[in-house]
Amino acid sequence: MKPLTLTALAVTLIATVFAAKSPYQSVLLHSRIRGRQHGPNVCAMQRMQGTDKKYFTNCKQWYHRKICGKPTVISYECCPGYERVIGEKGCPAALPLVNIYNTLGVVGATTTKMYSERAKLQEEIEGPGTFTFFSPSNEAWSALPTEILDALVSNVNIELLNALHYHMVNKRLTSDDLKHGSSFASMYQDFDVHIHHYPNGIVTVNCARLVKTDQHATNGIVHVVSRVITAITNNIHSFLDTDDDLETLRTAIAAAGLTHMLENEGSYTVFAPTNEAFEKIPPEMLSRILGDPVALKDLLNNHILKNMHCSESIVSGTPLETLMGTVLEVGCDGEELTLNGKAIVTNKDQLGTNGVIHYINELLIPDSAKTLKEIAEGVPQVSTATKLFGDAGLNRHLTGTEAVTLIAPQNDAFKGTMTMTPEMRKVMRNHILKARLSSKSLYHGQELETLGGNKLRVFVYRNNLCIENACIAAHDIDGRYGTMFTVDKVLVPPMGTVMDVLKAENRFSTLVDLIQKAGMTELLNQNGAYTIFAPTNNAFRAMPPADFNKLSRDNRELAKVLKFHISEEFLVSGGVTSHTRVNPILGEKLELGMRNSTMYINRVPVVDSDMMATNGVVHAVGSIIKPLPPKAVGDQPEGDSTHHYSAVRAGKQVMKNDDLFQKVLNSQSSKTMTRVQ
């Protein structure tokens with residue numbers, strides 16, 4: 001085994017340090033690394049512009065130069081426990097150890113130091129003992145409402161002393177000792193203070209962020225925090241039970257049977273909708289959800305996170321999982337806490353013994369509590385289909401308890417003005433399936449029954465999952481009783497065989513005649529899974545008359561040409577990737593691709609795709625399809641010389657045995673290539 005180089009050893013040591021430390025210690029180390037060019041023990045700090053909030057910087061914040069969406073200013077300050085020395089670079093000197101009272105002055109917590117004097121606490125924190133003091137910063141004291149601060153300082157020997165004692169623990173606790181989820185008895189009636197660590201390096205005590213940590217003293221340690229913290233005595237449910245602004249929520253929790261959970265031990269985050277939030281939704285919708293225990297429980301669980309998240313822990317958008325299994329994007333915009341990008345939080349960080357409550361003024365209704373109509377109305381991309389379902393009188397299937405699957409085409413699938421006619425009503429009925437399905441359980445060849453009585457087939461491709469000609473364009477949305485699939489096209493149920501499809505359109509009249517002459521009518525009427533690349537009348541008109549006449553008189557050669565346009569693999573346009581190959585009934589493989597939403601077969605563009613038949617699908621082409629010329633050696637993938645040799649040999653064999661076929665195809669070559677290019 002080779003010895004590690006010095007660089008490799010350094011990288012290994014740094015990786016070990018990061019792996020061994022808490023998220024807070026990792027962020028602190030990152031700040032040290034960013035500040036080391038300014039001297040020893042210098043940490044890079046980021047301050048949110050327009051505020052006094054400073055953060056040790058992590059990678060994401062450093063490169064984005066933003067916290068809560070706001071620009072930051074970089075400063076370089078002494079890391080915890082160090083100070084500058086005049087004439088020397090950085091912060092080379094360790095802070096001298098003094099008692100906690102004097103340490104409060106050293107770390108700039110002068111207001112706490114002043115109130116310690118008023119409350120007669122000075123002697124205690126100057127004397128013997130071992131304490132941890134979570135000292136509010138000067139800004140924290142200033143942020144207290146005037147009436148609360150006045151009440152504290154007006155009776156200094158009791159209320160203020162009690163408040164300061166609640167910020168103290170009768171033992172030395174470094175940041176390493178403040179484990180996530182731990183609680184410590186304070187020096188005020190042994191009421192606990194609650195510690196939480198977050199992956200971004202934030203550490204909180206009762207939702208107050210530690211802004212300066214590990215300031216050692218001779219008789220303990222000081223951590224400066226961002227707020228004045230208060231004692232927590234009630235659980236979340238008790239808190240909800242005492243606020244009239246949460247009366248509707250309280251009633252809903254009782255009806256859903258969630259009272260017991262919110263009374264027990266845990267560490268939850270509740271986004272509590274106010275009475276105003278419930279009043280914002282339509283009364284009939286609210287009444288339906290409140291009367292449905294399953295929907296109601298889903299609604300409430302969608303407002304509860306599995307873990308406790310104080311507002312101070314959020315510095316950027318973060319996806320967090322709810323008890324229901326959905327994900328909420330919890331973020332911030334300056335001082336505002338946001339949900340899914342919206343500033344709907346009206347009151348933050350109401351603490352209980354088993355979690356935290358944030359008030360919100362909008363309901364977060366999950367899809368699982370909605371009807372299919374409500375789901376569709378919330379998806380702008382299917383607004384046209386939503387209106388057409390209503391115009392067709394189908395809303396009763398989308399608002400009741402019927403188990404159905406809604407197939408909703410995207411808006412751009414509809415062309416022109418959509419007027420409700422008997423035919424359109426029939427089309428829309430075929431977009432509702434009689435069972436509740438999941439796209440994950442669909443399989444190739446499966447048949448699905450619609451409200452219109454039609455059977456739709458499922459086609460599974462490497463790149464797509466399609467129902468007839470329409471392919472699924474978005475994830476399923478599961479409602480209370482049904483599921484919605486979003487698709488890229490309006491569904492076209494099969495109507496007759498391939499021959500029926502061709503006979504129904506005049507543009508294929510020449511092709512129909514040639515199929516009949518070649519004796520292939522029965523083939524295209526029988527059961528199967530054919531893909532027909534059908535030349536239009538214009539494609540045949542583009543042939544020299546002499547060649548067309550000669551071809552139409554020779555049934556054997558005619559059949560060869562036609563079979564080169566037919567595959568026994570069922571392929572709708574949604575199943576075509578940038579390089580798809582299919583085998584025709586006769587001849588070399590056809591190469592398909594997509595460019596600018598147009599399908600090409602051997603470089604010939606499809607002019608109309610996905611005409612569905614019971615035994616196949618028809619794609620109209622404006623030119624006769626010819627075999628591609630063999631690729632030059634330089635065109636082949638590395639190591640593919642065997643394929644090149646086979647292609648050349650196959651091309652020679654076609655020219656030798658099928659002279660008329662090749663002549664007909666070659667006569668189209670220059671015309672076709674000109675159009676394609």
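The values are calculated or read from the model by the stated rules, or taken from the named source; none is laboratory data. Note that this is a predicted model, so its numbers are computed, not measured. Counting neighbours? That spans all protein chains shown, and the Cβs are built from the backbone with ideal geometry, glycine included. Accessible surface areas use protein heavy atoms only, side chains included; no ligands, DNA or RNA. Shrake-Rupley method; radii C 1.70, N 1.55, O 1.52, S 1.80 Å.
Exposure check, 1.4 Å probe, all protein chains in place: Arg457 carries approximately 30 Å² of accessible surface.
Note: relative contact order over the chain, using C-alpha pairs below 8 Å and six or more positions apart, is 7 percent. Taking Cα centre as origin and charging only the Cβ of basic (Lys, Arg, +1) and acidic (Asp, Glu, -1) residues, the dipole magnitude of the chain rounds to 3400 debye. Using 0.36 nm per residue and subtracting the Cα-Cα separation, the extra length available between Asn170 and Asp391 on full extension is 72.4 nm. The distance from the alpha carbon centre of region 16-71 to that of region 482-537 is 65 Å, rounded to a whole number. Computed over protein heavy atoms with a 1.4 Å probe, the accessible surface of the chain works out to 47 Å² per residue.
What the Cβ-Cβ distance of Asn527 and Asp190 gives, at R0 = 60 Å and to the nearest 0.05, is a FRET efficiency of 0.15.
Near the amide H of Val621, within less than 5 Å, lie the amide hydrogens of Ala534, Thr536, Val607, all on another chain or at least 5 residues away, with H placed in the peptide plane. With P(r) over Cα pairs in 20 Å bins from 0, in percent defined as stated, name the option among [x] 17, 45, 30, 8, 0; [y] 16, 40, 28, 13, 2, 0; [z] 14, 31, 25, 21, 8, 1 computed from the structure displayed. Correct label, based on the coordinates given: [z]. Simple rule: put +1 on each Lys or Arg Cβ and -1 on each Asp or Glu Cβ in the chain, find the dipole, and look at Val294, Ile148, Val225; the Cα lying farthest toward the positive end is Val294. For the chain, what proportion of DSSP beta bridges, expressed in % and rounded to the nearest 5, is antiparallel? For the chain, the DSSP antiparallel bridge percentage is about 75.
Our Cα-only numbers for region 533-609 put the radius of gyration and Dmax at 13.7, 39 Å. Each residue, Thr251 and Lys589, gets one label point 7 Å from its Cα in the Cβ direction; the gap between the two is 6.7 nm. Carbon-plus-sulfur fraction of the accessible area of the chain, 1.4 Å probe, in percent? Exposed carbon and sulfur together represent 51 percent of the surface. Accessible surface ranking for Trp62, Trp141, 1.4 angstrom probe, highest first: Trp62, Trp141. Going down the table (Lys387/Lys415; Lys517/Lys550; Lys489/Lys517; Lys66/Lys306; Lys387/Lys489), which pairs top 24 Å between alpha carbons? From the list (Lys387/Lys415; Lys517/Lys550; Lys489/Lys517; Lys66/Lys306; Lys387/Lys489), the Cα-Cα distance tops 24 Å for Lys489/Lys517; Lys66/Lys306. Cβ screening of the chain for cysteine pairs under 4.7 Å finds these without a partner: Cys59. Compared with the direct C-alpha span, the chain from Asn102 to Met418 gains 105.9 nm at full extension, assuming 0.36 nm per residue. With the helix formula -39500 (n - 2.57) applied to DSSP H stretches of n ≥ 4, the chain reaches a computed 222 nm mean residue ellipticity of -9000 deg cm²/dmol. Accessible surface of Met594, taken over heavy atoms with a 1.4 Å probe and every protein chain present, rounds to 80 Å².
Secondary structure note: in region 394-512, about 75% of the DSSP beta bridges are antiparallel.
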